[in-house]
Amino acid sequence: MKMYIVVKDSIPDKLIPVITAHASLACYKKFEENEQMIKWINGIFNKVVCVVNEDEFERLKKEVDHVLLTESALDNQEVCLAFCPRKEYPKKFKFLKMWTPQGLG
C-alpha cells in the first residue's frame with residue numbers, strides 16, 4: 001500500500017521537499033476517515049514521489065481520491081497531487097517518472 005505524490009516537472013527542486021511534505025499531510029487530513037488511509041497510517045507509510053509534465057498532471061487530476069496543492073511562493077499555481085493510499089493504482093501510475101533531485105539522477 002502506498003501514497004503517490006505527483007509534482008509538476010516545472011517546479012524548482014528546492015521547493016519539492018516542502019511541497020511533498022505538505023502534500024502528504026494534506027492527503028492524510030482529507031482522507032483520515034478512509035479505510036485505506038487508516039490501514040496505511042497504521043502500517044508502513046510507503047510514498048512514491050513522481051514528476052510529470054503539464055499534460056500528464058491534467059490527466060491525473062481526473063483520477064479519484066486525491067488532494068490538489070497550490071504553492072503561494074509560485075503565485076498559487078497548482079503544483080502537486082497526492083493520492084489516498086491504496087494497494088492498486090491504475091496501470092499508468094507504474095510508468096510515472098520518479099523524482100530525483102537535480103545532480104543525483
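Report, by residue number, each residue of the range 21-34 that is surrounded by fewer than 20 Cβ atoms within 10 Å (Cβ to Cβ) and either touching a strand residue (DSSP E or B) at 6+ places or on another chain (Cβ under 7 Å) or part of a helix (DSSP H, G or I) (or both). Correct list: 21, 22, 24, 25, 26, 28, 29, 30. For the range 30-39, the criterion of being within 19 Å of residue 62 (Cα to Cα), in contact (Cβ under 8 Å) with a residue 24 or more places away in the chain and in contact with a Leu (Cβ under 6 Å, 6 or more places away or on another chain) is met by no residue. Checked against (1) surrounded by 13 or more Cβ atoms within 10 Å (Cβ to Cβ); (2) outside any strand (DSSP E or B), residue 67 passes all but a single condition, namely (2).
Being modelled with pLDDT under 95, assigned to a helix (DSSP H, G or I) and surrounded by fewer than 20 Cβ atoms within 10 Å (Cβ to Cβ) is true of residue 14.
The values are calculated or read from the model by the stated rules, or taken from the named source; none is laboratory data. Model, not experiment: these values are computed from the prediction. Cβ sites come from the backbone with ideal geometry, for glycine too, and all protein chains shown count toward neighbours.
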